[in-house]
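Scroll down for the structure; my scribbles are underneath it.
The values are calculated or read from the model by the stated rules, or taken from the named source; none is laboratory data. Keep in mind the model is a prediction, meaning the values are calculated, not measured. Positions of Cβ are backbone-derived with ideal geometry, glycine not excepted, and every protein chain shown enters the neighbour counts.
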Amino acid sequence: MASKHYVCERCGGLAEICHHKTYITPQNIHDSSVTLSWSNLEAVCRTCHQHEHYSNTEVCVEGLTFDASGNFVRIPPGAPSS
């Protein structure tokens, strides 16, 4: 984040989240080129991070979604996942 001066790499706003461009999954969690590589990291603001995850139809973990602050929350039973 400091290397990007806390500037969102997408919109130029205040970056608060270090986003993994390639999503971390159970299959790649131990792959340091995904989890720790500088080239896979992006400084983003909360709005751009939310847009990334809400506009993506892939589910990263079944039964979880993001709240307005970008935190993981459980999807209530019977509720649509996206």
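Structural remarks
- Hits in segment 37-77 - residues which are in a helix (DSSP H, G or I), out of contact with any strand residue (DSSP E or B) (no Cβ under 6 Å at 6 or more places or on another chain) and either modelled with pLDDT of 75 or more or of a type outside the set (G, A, S) (or both): W38, S39, R46, T47, C48, Q50, H51, E52, Y54
- Applying the condition of being assigned to a strand (DSSP E or B) and at pLDDT 95 or above to segment 3-28 and asking which residue is farthest from Q50 (Cα to Cα) yields V7.
- Per-region count, segment 18-38, residues of a type in the set (F, W, Y), exposed (fewer than 13 other Cβ atoms within 10 Å of the Cβ) and closer than 17 Å to N71 by Cα: 0
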